[in-house]
Structures are given as C-alpha cells and as structure tokens.
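Asker: Take a look at this one; I'll ask things after.
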C-alpha cells in the first residue's frame, strides 16, 4: 500500500474496504451531514477547518459514523442525487480555498470571503462564479510551478474515469452547457479523431478540470484519514441512477436505453402512482440496459463501486429496490402512470460485486414500495435496511418503523435528508399520531413530551438496530427552516448549512455521548 499527495491510490481502497467489512455489524451511531452544510466564508461548506472541527465534535460526541450524500459535481438545482455530471468525480465547490492559501497557490487577498453571504444558506448562483474564479487563479499559479509528479501520479491512477470526465466538462463549457446529445455528432458519438482534436483545442480547460479533481481528491482523502484516525468511518451514497447529461452516459451510451438516432433517453426512471402521488414520480434519468451491463460483467458498476470506496468506508445504496425491479416509463410520457416494472439482475449483480470486493460494506435504502422479492435480495446478501422513526407513529402497532419491529441488522434514523427536521415534523404531526406516540413511548400525555428532537434521538440509539444515524439539525434542535430537501418541491432544496462551528457545543456533544454510552454505542 502506498499513499501520497493527500489522496488514496488504487491499492489503498482495498484495505479501506477490508476494514469497513470487518466493522460491518458493530453497534454504533453517527451523524448525517453533507459537507456543503458546513460553515465557510465562501458561501458553501468545504473541506477546510470547519470540516475538521466537525470531526472533532463527532469524536467528543462519541459518534463513529459520518453519513454524507453523493460528493459529485451537481447541475440543475444542485441535487447530489439526480443531476450529477459524474458518478465518479468530486465536486470542486468543496475545495477549501484556505488550504490552497496554505500551499501558496493563493494569497489571502486573492481569496476574499463571499460578500454578504447568507450564513445558513448556499447561494449557488453567487458561490459558483466566486469560487471558480478564485480556483482559476490557483490553477494558473500551479501551472507556473511546472511539472507536478503528484498530479501526474493521480492522473495515471484515476485515468479509468478521469480522462472522460475532464474532457466532458471542457466540452460542456465550450457548448454553453447544452446536453452532450446536442453537440456536433462526431463528438457526441465519440469518434476518436474528433475527440483527439477537441482535447487539443480545449487543452487549457481540460487541464483546469484535472487540477480541480486533483485538489478535491487530495483534500477529501486527507479529511477522511483524519476521521479514520479518530475512529470515525464515513458512509457514502450511491444513487442508483445517473444524469443523462453526464460523462457517464456520454462515455458508455450502450449501457443505457437511449434512442439510437437522437441519443436522448428512450425510457426514463421513476416510481408508479401511490398513496403520495396520483401520477407517480417521473425522475427523468435514463434507465440502464441491464442486459448490456450483465454482458460486460457489470464492469461499469464495478468501477463505480471501486470509485466510491476511494471516498468512503461504507456505501448506502439509494433506491435499492431498483436492483430487483425498476419502474420504466417511455420518455414521451408526461407522468409516471404509463410505466411498467422491469426485472433487474440484482442477484447476479451483487454476486459479481461480492466476487470482486469480498464482504460488501453496503447499506440498503429499502424505503417505498418494497416487495418480498426486494426483501429477499437484501437479506440474501445481509445488507442492513433502513428504519425511519418519523414514519413510525401512524397509529398502527404493526408499522415496521416502530422500534419493537426492528431486527439487529438495520440502520435507524430519526429522519433522513428527505424528511423535515424533528421540530418541523412534530409541528405538522396530527393530534391522533401524537397521542399514539405518547402512548407508545409511555408518556401520560402529549404535553409531557418535551424536546421532541431528543426524544427521537434517544429512541433511535436505544433501539436494537445495530446502527443509528441522526441528522445534525436534530441534535441542534433546529426547526423546518433547516430542512435539507423536500421531495415535493423542486426549487430551493439542498441549500441549508449551519452558520458557525460555535453551535457544536460541549453541552450538545456531552449529551449525545452520554446516550451513546448508555445504549452501548461508544
């Protein structure tokens, strides 16, 4: 094993995987927080001092799991799940400018704070030009230093995804953000001579993109090592689908169900009508051609897990049920009503991953429409499923999200990034459901329930679930203004951040640590 330059080389991730698998069933608890939510002078959380202070807070709190969302570069509405430009790359907006100052790539005057930044919101329209402009200055100084052996070694180790990505991003900029299917045909269809010509024409832009990935990896891996040294492991996230306008689909169009003439999706992903929506949900992502994926030995998917395990210790697989069967809708449809369930080769897929990686450190997001077949797939491979306390108190004693229904091999949340905060949820909960919760938890009345956020936290950690995760918003007792994502609303999500590390008090840390000690999670 070797490491250098602050990032992991290809040999390192296998050791990380072994450690994660060994720790798989140990009783522990942790915190859910995406790095963009950290405090920063530049309008968005990054991998600088606040990230290290958060890890120190986790250590004081007795928490051993840090769950994050996907780390990739985001597009429309900045969702880390549906609009990433790559399932392999890191988000350059996470690069700490202060660390670049420490390297001498910037002066403090060249990296001023974002003027009048909103302390608890990410204003992406202002953040993006602010940070990219400063990163270009750092890149120019980096180039002036001449050849970098560290960059060269990083580029060689990551070439299996990096080369396609940096060229894609340069082409995307050169085409004013238009989807790759609308680029000149020879480039859209990846004719070798056309790609070579564009790589030469856009060499400076390609080099800038490569530099940003290098620094993003370097800073993230240094932070991850810091967390691991303190006994904290990182849970990452693999969203099952990728964006059509991504380097992933452009580089491997044969793995997706696309129209051969237009290169647009022929079918798109979603979920069928249910209790929550009469028309279902239409996500817009292209669906996989699983036959092609299987014929290639699931090579693209194997590479994706390999890439993810360079970033994290454990992998939460989003929309796990899609590996058993997925809802496919013709791209011409305006709603998800006229779709159909298509079987996916989940057993063969996870068998292949197991052959490649050994005991998989996988958590299954098994929420929504879950059939016995999905449960059988999850249980065959021993993947912990998810339980959400905010879903539990509906008046039904057989609700599977109630703690008395848990098995050890699961992970319980007070709420997830898609839920309201505990305070926001309680405010909207019906009187009948509050009464059921009071009765279930042994309170004399609804009024006797105080600090609902800590009630949920205590019950999550007290449960038999091997793993328990709490959003930082609930630990801090924040109301619904701190909600990260509301799936019923498209604009305005993914923007919350906490304004100052001063909120991470010793009082909160000690309270959380005592619960972890009391319920055998230290």
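Asker: Can you find a residue that is surrounded by fewer than 16 Cβ atoms within 10 Å (Cβ to Cβ), within 30 Å of residue 314 (Cα to Cα), touching a residue at least 12 places away in the same chain (Cβ under 8 Å) and under 22 Å from the mean Cα position of the chain (by Cα) anywhere in the stretch 205-212?
Answerer: The answer is no, given that none of the residues of the stretch 205-212 is surrounded by fewer than 16 Cβ atoms within 10 Å (Cβ to Cβ), within 30 Å of residue 314 (Cα to Cα), touching a residue at least 12 places away in the same chain (Cβ under 8 Å) and under 22 Å from the mean Cα position of the chain (by Cα).
Asker: Kindly establish whether residue 82 is in contact with a strand residue (DSSP E or B) (Cβ under 9 Å, 6 or more places away or on another chain) and surrounded by fewer than 21 Cβ atoms within 10 Å (Cβ to Cβ).
Answerer: Answer is yes for this residue.
Asker: I would also like to ask the following. Are there any strands (runs of 3 or more DSSP E) wholly within the stretch 258-348 with 1 or more residues that are crowded, with 17+ Cβ neighbours inside 10 Å, modelled with pLDDT under 95 and in contact with a strand residue (DSSP E or B) (Cβ under 7 Å, 6 or more places away or on another chain), and if so which?
Answerer: 267-271, 281-286
Asker: How many residues does the stretch 228-249 contain that are in contact (Cβ under 8 Å) with a residue 40 or more places away in the chain, part of a helix (DSSP H, G or I) and surrounded by fewer than 21 Cβ atoms within 10 Å (Cβ to Cβ)? Outline the logic, then answer.
Answerer: First, pick out the residues of the stretch 228-249 that are in contact (Cβ under 8 Å) with a residue 40 or more places away in the chain: 228, 230-249.
Among the residues that remain, those that are also part of a helix (DSSP H, G or I) are: 228, 247-249.
So of that shortlist, the ones also surrounded by fewer than 21 Cβ atoms within 10 Å (Cβ to Cβ) come out as 228.
Selection size over the stretch 228-249: 1.
Asker: From the list 114, 106, which one is under 18 Å from residue 142 (Cβ atoms) and either part of a loop (DSSP other than H, G, I, E, B) or modelled with pLDDT of 95 or more (or both)?
Answerer: None of the other options fit; the residue is 106.
Asker: Now for a different question. Could you look through the stretch 446-467, keep only residues that are outside any helix (DSSP H, G or I) and in contact with a strand residue (DSSP E or B) (Cβ under 6 Å, 6 or more places away or on another chain), and pick out the one that is surrounded by the fewest Cβ atoms within 10 Å (Cβ to Cβ)? Lay out the reasoning, then the answer.
Answerer: Here is the first cut: in the stretch 446-467, the residues outside any helix (DSSP H, G or I) are 449-451, 463-467.
Of the ones still in play, those that are also in contact with a strand residue (DSSP E or B) (Cβ under 6 Å, 6 or more places away or on another chain) are 463, 465, 467.
Numbers: 463: 21, 465: 24, 467: 28.
Among them, the one singled out is 463.
For (1) at pLDDT 95 or above; (2) more than 29 Å from residue 119 (Cβ to Cβ); (3) out of contact with any helix residue (DSSP H, G or I) (no Cβ under 6 Å at 6 or more places or on another chain), each residue gets a yes or a no:
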| residue | (1), (2), (3) |
| --- | --- |
| 25 | no, yes, yes |
| 30 | yes, no, yes |
| 39 | yes, no, no |
| 58 | yes, no, yes |
| 62 | yes, no, no |
| 77 | no, no, yes |
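Asker: Hey, can you tell me all the residues within the stretch 143-160 that are part of a helix (DSSP H, G or I) and buried (at least 21 other Cβ atoms within 10 Å of the Cβ)?
Answerer: Once the filter is applied, which keeps residues that are part of a helix (DSSP H, G or I) and buried (at least 21 other Cβ atoms within 10 Å of the Cβ), the stretch 143-160 yields only 154.
Asker: Which one of the conditions (1) farther than 20 Å from residue 67 by Cβ; (2) more than 22 Å from the chain's Cα centre (by Cα); (3) assigned to a loop (DSSP other than H, G, I, E, B) does residue 369 fail to meet, given that it meets all the rest?
Answerer: (2)
Asker: A further question on this structure: How many residues, within the stretch 468-488, are part of a loop (DSSP other than H, G, I, E, B) and more than 21 Å from residue 515 (Cβ to Cβ)?
Answerer: Here is the first cut: in the stretch 468-488, the ones part of a loop (DSSP other than H, G, I, E, B) are 476-479, 483-488.
With more than 21 Å from residue 515 (Cβ to Cβ) added as a condition, the list becomes 479, 483-488.
Matching residues across the stretch 468-488 total 7.
Asker: Only one of (1) outside any helix (DSSP H, G or I); (2) surrounded by 14 or more Cβ atoms within 10 Å (Cβ to Cβ); (3) touching a residue at least 24 places away in the same chain (Cβ under 8 Å) is not met by residue 424, so which one is it?
Answerer: (1)
Asker: Being within 15 Å of residue 454 (Cα to Cα), within 24 Å of the chain's Cα centre (by Cα), assigned to a loop (DSSP other than H, G, I, E, B) and modelled with pLDDT of 95 or more, is that true of even one residue in the stretch 394-417?
Answerer: Looking through the stretch 394-417, at least one residue is within 15 Å of residue 454 (Cα to Cα), within 24 Å of the chain's Cα centre (by Cα), assigned to a loop (DSSP other than H, G, I, E, B) and modelled with pLDDT of 95 or more.
Asker: Quick one: which residue in 270, 280, 236 is closer than 30 Å to residue 488 by Cβ and touching a helix residue (DSSP H, G or I) at 6+ places or on another chain (Cβ under 7 Å)? Walk me through it before giving the result.
Answerer: Working: 270 fails: touching a helix residue (DSSP H, G or I) at 6+ places or on another chain (Cβ under 7 Å); 280 fails: touching a helix residue (DSSP H, G or I) at 6+ places or on another chain (Cβ under 7 Å).
236 is the lone residue from the list that is closer than 30 Å to residue 488 by Cβ and touching a helix residue (DSSP H, G or I) at 6+ places or on another chain (Cβ under 7 Å).
Asker: Output the residues belonging to the stretch 509-520 that are touching a helix residue (DSSP H, G or I) at 6+ places or on another chain (Cβ under 6 Å) and either part of a loop (DSSP other than H, G, I, E, B) or farther than 18 Å from residue 462 by Cβ (or both).
Answerer: Pass one, the stretch 509-520, residues touching a helix residue (DSSP H, G or I) at 6+ places or on another chain (Cβ under 6 Å): 509, 512-513, 515, 519.
Of everything in the stretch 509-520, those that are touching a helix residue (DSSP H, G or I) at 6+ places or on another chain (Cβ under 6 Å) and either part of a loop (DSSP other than H, G, I, E, B) or farther than 18 Å from residue 462 by Cβ (or both) turn out to be 509, 519.
Asker: Residue under question is residue 117, and the condition is that it be more than 24 Å from the chain's Cα centre (by Cα), surrounded by fewer than 23 Cβ atoms within 10 Å (Cβ to Cβ) and farther than 30 Å from residue 200 by Cα; does it hold?
Answerer: yes
Asker: Only one of (1) closer than 22 Å to residue 272 by Cα; (2) exposed (fewer than 14 other Cβ atoms within 10 Å of the Cβ); (3) touching a residue at least 40 places away in the same chain (Cβ under 8 Å) fails for residue 395. Which number is that?
Answerer: Checking residue 395 against (1) closer than 22 Å to residue 272 by Cα; (2) exposed (fewer than 14 other Cβ atoms within 10 Å of the Cβ); (3) touching a residue at least 40 places away in the same chain (Cβ under 8 Å), the one that fails is (1).
Asker: Same structure again: Of (1) touching a residue at least 24 places away in the same chain (Cβ under 8 Å); (2) in a helix (DSSP H, G or I); (3) closer than 27 Å to residue 84 by Cα, residue 140 satisfies all except one. Which?
Answerer: With respect to (1) touching a residue at least 24 places away in the same chain (Cβ under 8 Å); (2) in a helix (DSSP H, G or I); (3) closer than 27 Å to residue 84 by Cα, residue 140 is out only on (1).
The values are calculated or read from the model by the stated rules, or taken from the named source; none is laboratory data. Predicted model, so just to flag it, every value in this text is computed and none were measured. Note that each Cβ is placed from the backbone with ideal geometry, even for glycine, and that neighbours are counted across all protein chains shown.
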